1. Among the candidates 489, 520, which residue alone is surrounded by 12 or more Cβ atoms within 10 Å (Cβ to Cβ), outside the structural domain of residue 31 (by TED's automatic domain parsing) and of a type in the set (Phe, Trp, Tyr)?
2. Does residue 292 fit the bill of being in contact (Cβ under 8 Å) with a residue 12 or more places away in the chain, assigned to a helix (DSSP H, G or I) and buried (at least 20 other Cβ atoms within 10 Å of the Cβ)?
3. Got a sec? Which of 186, 118, 134 is in contact with a helix residue (DSSP H, G or I) (Cβ under 8 Å, 6 or more places away or on another chain), modelled with pLDDT of 90 or more and charged (D, E, K, R)?
4. Identify all residues within segment 483-531 that are touching a Phe, Trp or Tyr at 6+ places or on another chain (Cβ under 8 Å) and either at pLDDT 85 or above or of a type in the set (Val, Ile, Thr) (or both); write none if there are none.
5. Right, residue 353: more than 30 Å from residue 263 (Cα to Cα), assigned to a helix (DSSP H, G or I) and either in the same structural domain as residue 402 (by TED's automatic domain parsing) or under 33 Å from the mean Cα position of the chain (by Cα) (or both) or not?
6. Cβ-Cβ distance below 6 Å, separation of 6 or more or different chains: which pairs start in segment 14-43 with a residue that is not assigned by TED's automatic domain parsing to the domain that holds residue 479 and end on one that is part of a loop (DSSP other than H, G, I, E, B) and among the polar types (S, T, N, Q)?
7. Looking at the structure I just gave you, is residue 386 under 30 Å from residue 297 (Cα atoms), at pLDDT below 90 and either assigned to a loop (DSSP other than H, G, I, E, B) or small (Gly, Ala, Ser) (or both)?
Amino acid sequence: MIDNNSIENLKARLDIVDVVGHYIELKKNGANWKCVCPFHDDSNPSLVVSPSKQIYHCFSCGAGGDPIRFVMEYEKLSYPESLEKLASMYNFSLDYTSDDGKIKEDRKLLENINMYFRKNLDAKTDALKYIKDRGIGEASIEKFELGYAPSSPENLNFLSSNGYNIAEAIEAGVAGTGENGRNYARFIERITFPIRSVSGKIVGFGGRTISGHQAKYVNSPQTKLFNKSYLLYGYNFAKESIYQTKSIIITEGYLDVIMLHQAGFTNAVATLGTALTKEHIPLISRGNPKVILAYDGDNAGVAAALKAALMLSTVGISGGVVLFTEGMDPADMVQHGQSDKLNKLFHNPQPFIEFAIDKIVKKYNLQDPLEKQKALEEGSSYLKTLPSSIANSYAGMLSGSLNINPNLVKVQTHQSNRLKQQKTAFEDTLELTIIKTLLTKPNFIDTLLDTIDVNMFKTHNMELSKLLQNEKEDPSLRRILLRDDIKVYDEDELIASMINFLISFYHNELTKVKSSNMDYKNKSFAIRKIQENIFKLKQGKLVQYESLSTI
């Protein structure tokens, strides 16, 4: 059984944009994200994902809920299965309780072997020399916890002598079993770089050879904790700087990240031996930063930068590309005292769309009419993936690069049909505002509970009823919660609006009573009571609700 505290800790780490974006391509839409709903036959993006509310909601079929609900519905999993799936996605270790209710021991294998690697580095002079020759200082060695993995027998001996069996080591990704059935350590004679999740938990390692192994760099294999497509090296250190500077520098290597941080570029991260993928987008998008791709200027680096620029610009992420030539990478430039030059490069990257058009055109021989046509088609196809206003803005750049008539560039995008769900024909803005405020700030409900009744709301009494019954998963309430055009009041504004609402309500009630067939005595009493309520409300005091039948 999964421990309840562990479940709550996992929930605190979940991000609805991350989770939905893991399965479906999201596009930015103001403060929210939108996508095609996977829960019905949806041809238009009708599912809205709200990072501030941490919910999703489909304005067509009504599906919605929190991150756990999404995984349950999308993958058809049970609640515990969904928790385990999310824990794997977030590199989070769930605690399980045994039959007696006690939490099973966390073995902390990765933390312990990291300490072992770090201690080994102090005694490995050639590894230390390589690190220091690259310009890495003692503070950076300590901050990024660089270590050294010795021979396979030594690593396996450390594990066994500390009570870890081979099954645990394989599960953690630090050991394996060969075809001959012999066990081996995965990190041998390498400088080690512990890789941590967003929350700072070690989930795997990277290793750089210093003894001539064919593979210069290796990473942990995929495990229940480690999936390189969802991780960025150094993000745990960089995240605060990313949020503050509203920018993120994405590099290609561990040393680039370490040296950039050492030089003050503390918003730098790196992919883990893989190209930037759509799985990285939710993590990259946190805080809505400008993305700077800092890649090598060789053919492989240009190809990777183009692929990433196309992907990022298509989903509405802003930023640009900086290519490093002449055999220099960011780490080299820091080492050679060129931090000021780096700073200028990072502040003036080539925007994604300009970079993409430039590289698309350069793929073709424009002296050949057939090649030029292919360049036009590929460039136009790319522009069609962008919003129409942006595509039109760059159509001239594409035609100019091809030296053709601008009219030949067709960038008219397929405009999506209007949402099937339109706003309710008759809406009461004040009622909706009160409901959204109470949904957002439920502590206000007690303040107003005695003053209002469901029947007071003429247009949205059903929604208020569901709110008071705590049915917050109801689609109609999620829809209100996600409406950006509905304001959320602070407490003073809420009370003031309620007073105005109640004054209007009691004036209507007064009119009804005066024209009713009530006997004189009851009518007189009801009129006095309603007038008394109106008087108190005009003095700024809330009054307790009483039905006419009890007045």
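1. On the way: 520 fails: surrounded by 12 or more Cβ atoms within 10 Å (Cβ to Cβ).
After applying the criteria, what remains is 489.
2. Considered against the rule, which asks whether it is in contact (Cβ under 8 Å) with a residue 12 or more places away in the chain, assigned to a helix (DSSP H, G or I) and buried (at least 20 other Cβ atoms within 10 Å of the Cβ), residue 292 comes out as no.
3. 134
4. Hit for segment 483-531 is 530, nothing else.
5. no
6. 16/54; 37/46
7. Numbers: under 30 Å from residue 297 (Cα atoms): yes; at pLDDT below 90: yes; either assigned to a loop (DSSP other than H, G, I, E, B) or small (Gly, Ala, Ser) (or both): yes.
It is true that residue 386 is under 30 Å from residue 297 (Cα atoms), at pLDDT below 90 and either assigned to a loop (DSSP other than H, G, I, E, B) or small (Gly, Ala, Ser) (or both).
Condition check ((1) in contact with a Phe, Trp or Tyr (Cβ under 8 Å, 6 or more places away or on another chain); (2) loosely packed, with under 15 Cβ neighbours inside 10 Å) across all residues:
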| position | (1), (2) |
| --- | --- |
| 170 | no, no |
| 182 | no, yes |
| 188 | no, no |
| 193 | yes, no |
| 197 | yes, no |
| 200 | no, yes |
| 206 | yes, no |
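The values are calculated or read from the model by the stated rules, or taken from the named source; none is laboratory data. Please read all numbers here as calculations on a predicted model, not as lab measurements. Glycine gets a Cβ as well: all are built from the backbone with ideal geometry, and neighbour counts include every protein chain shown.
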